[in-house]
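Everything below concerns the one structure shown next.
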Amino acid sequence: MGVKNGARWRTLKAQAFDRDRTRNAPCARCHQPIDYTITPDEYTYRPNAHEPDHIKPRSTHPHLTYVLSNLRPSHASCNRSRGSTPIETTTRWAQAEAW
């Protein structure tokens, strides 16, 4: 059974949901509110629903697949648009002017 279908993943996803909902955490990608009224139990793809995003992608860091601290809150749409691209290449930082 695949990672996203197994009992271990469903348990971890529920833990991430509870952690993030308690803090009312916004999406780590777009910084907009996440709709926490859509629970993991009733979830079918909805763009604004909570979907845990692996900080270090599973494709390059499989040993972190089931580590809660490697998950950050995101919208389903934001998470899926990033795919397995590392955060370092998707986050744009403003570069300070030279002093």
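Laboratory data are not the source of any read-out in this text; all were calculated from the coordinates shown. These numbers were taken from a predicted model, which means no experiment stands behind them. Neighbour counts run over all protein chains shown; Cβ positions are idealised from the backbone, glycine included.
Summary of values
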quantity: Sum of side-chain charges, residue 45 neighbourhood, beta-carbon under 10 Å (Lys, Arg +1; Asp, Glu -1); calculated: +1
quantity: Among 49, 36, 66 - extreme Cα towards positive end, dipole of the range 3-87, charges at beta-carbon; calculated: 66
quantity: Over the range 3-87, relative contact order from alpha-carbon pairs under 8 Å, at least 6 apart, %; calculated: 32
quantity: Residue order, fewest to most surrounding Cβ atoms within 10 angstrom, among 71, 12; calculated: 12, 71
quantity: Total formal charge among the other residues, if their Cβ is under 15 angstrom from that of residue 25, Lys/Arg +1 and Asp/Glu -1; calculated: +1
quantity: Difference of contour (0.36 nm per residue) and Cα-Cα distance, residue 66 to residue 23; calculated: 13.4 nm
